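Right, one structure below, let's go through it.
The values are calculated or read from the model by the stated rules, or taken from the named source; none is laboratory data. Worth saying up front: this structure is predicted, and the values here are computed from it rather than measured. Methodologically, a virtual Cβ is constructed for each residue, glycine included, from the backbone with ideal geometry; neighbour enumeration extends over all protein chains shown. These accessible areas exclude ligands, DNA and RNA; they are computed on the full protein's heavy atoms, side chains included. Shrake-Rupley method; radii C 1.70, N 1.55, O 1.52, S 1.80 Å.
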Amino acid sequence: MPALREDLRGLWLLVIWDLNRMKSRTLFVVMRVSWFALQVSLFGLALSAMVRFRAIAGTNLDYYHFYLFGIYTSMLFSISVSKAYDIAEEFEEGTIEYLLSLPFPRRVLALGRSIGGGVASFLFTLPMFAFIVYLLGSYDPVALTVSMISALAFSIGVVGFVLTVVLSLKSSDSTDIAFGLLDAILVRLSTVFYPALVLSKIAPYYYAALVNPLSHMSDLLRTIFFFEEFKAIAVANPDLMAAYVFGLAVGLSTLAVLVVEKAVEGGGWK
């Protein structure tokens, strides 16, 4: 029990570490949230006025609803991926050596950074999520709770993946290239902006979207709030999409633990 308490204390301190780093970016957060609000309230409305869904499986779809959850998912993903640059900066500043020297197991370090980074990224986008809920006028407490838990799990999974890749590459140049490409490709090969049935006309695009975590996250949010509207075009049923998102969080956090425990040493950053 004393060891467990120490591990939990270390986990908590690492989460606080990431949250404190976010506090220093208050102005940046305000700017991003303001731009997001402008984007969804003006550009989103203009785009939805130009796009009209034909009836699919007897349903009438509102592209604005579709767009809002897609753009939020892409923003959550991009903010979570940006943790790669924070980790790269820690290597360059020698912070990673300090973290590796702290008196708790490496698995706690890996989990703490995955959870802390995920929580920080989720909180960064929480005002954006709140603005979307305001625009939709949907305040069902169950839907709000499930969607926020799902978004947090998704963010933790992405940060776990980021931690794994960055600590394996240990190169600033490789990190910039890898995550720049990852962000651009995964957002576009998903149902963030286009439903799966529309993408089905291009087989490689369609199958890539079906396995893309952004597709599952964005469609999960859509079906949580507007099940009847979007159930016919989601990549899977809500239970499977939720299992995918939470499985992603557990699997990628575990992978980060394995990498930190077996492969990471201080120094060697290029």
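Note that segment 32-45 has calculated 3J(HN,Hα) couplings of 5, 5, 5, 5, 4, 4, 5, 5, 7, 8, 10, 4, x, 5 Hz, one per residue in order, obtained from phi through the Karplus relation 6.51 cos²θ - 1.76 cosθ + 1.60 (θ = phi - 60°); glycine and proline are x. Just check segment 30-144 against the gyration tensor rule for me: Cα atoms, a ≥ b ≥ c as the square roots of the eigenvalues, rounded for a/c under 1.5, and otherwise prolate or oblate depending on whether a/b exceeds b/c. Cα axes put segment 30-144 in the prolate bin. Expressed as a whole percent, the accessible area of segment 75-233 that falls on carbon and sulfur atoms is 68 (1.4 Å probe). For the chain, the number of Lys pairs with C-alpha atoms closer than 19 Å, counting only pairs eight or more positions apart or on separate chains, is 5.
Suppose every K and R has +1 on its Cβ and every D and E has -1 on its Cβ; what is the size of the dipole of the chain about the Cα centre, in Debye to the nearest 20?
Values: 19 positive and 20 negative charges, 60 e Å.
It comes to approximately 300 debye.
Sequence gap at least 6, Cα distance under 8 Å: using those rules, report the relative contact order of the chain to the nearest whole percent. 28 percent. Charges on Cβ only, +1 for Lys and Arg, -1 for Asp and Glu, centred on the Cα centroid of segment 1-266; of Leu126, Leu221, Ser200, which one is farthest towards the dipole's positive end? Comparing the listed Cα positions along the dipole, Ser200 ranks first.
So, with +1 on the Cβ of K and R and -1 on the Cβ of D and E, and no other charges, what is the size of the charge dipole of segment 1-144 about its Cα centre, to the nearest 20 debye?
Details: 12 positive and 11 negative charges, 60 e Å.
The dipole of segment 1-144 has a size of about 280 debye.
The slack in the chain from Asp239 to Val51, taken as 0.36 nm per residue of separation less the alpha-carbon distance, amounts to 64.8 nm.
Stretched out straight at 0.36 nm per residue, the stretch from Lys231 to Leu197 would grow longer than its current Cα-Cα span by 11.1 nm.
Estimated from the Cβ-Cβ distance and a Förster radius of 30 angstrom, the FRET efficiency linking Thr95 and Lys262 is about 0.90.
Evaluate the Debye formula for the chain with equal point scatterers sitting on the alpha carbons, no solvent, and hand back log10 of I(q)/I(0) at q = 0.17 Å⁻¹, in q order, two decimals. Normalising to I(0) and taking log10 leaves -1.34. Remark: the Val211-Tyr139 segment gains 22.9 nm on full extension, using 0.36 nm per residue and subtracting the alpha carbon distance. State the answer as a single residue: which of Ile156, Met31, Ile233 lies farthest towards the positive end of the charge dipole of the chain, with beta carbon charges of +1 for Lys and Arg and -1 for Asp and Glu, about the Cα centre. Ranked along the dipole, the leading option is Ile233.
Evaluated at q = 0.26 Å⁻¹, the base-10 log of the normalised Debye intensity for segment 119-160, with identical point scatterers placed on the Cα atoms, takes the values -0.91.
Report, to the nearest 10°, how far helix 141-169 tilts away from the longest principal axis of the Cα atoms in the chain, using its own Cα long axis and a range of 0 to 90°. In the chain, helix 141-169 runs at an angle near 50 degrees to the longest axis.
Taking amide H as placed 1.01 Å from N in the peptide plane, the amide H of Ser171 sits under 5 Å from that of Lys270, each at least 5 places away or on another chain.
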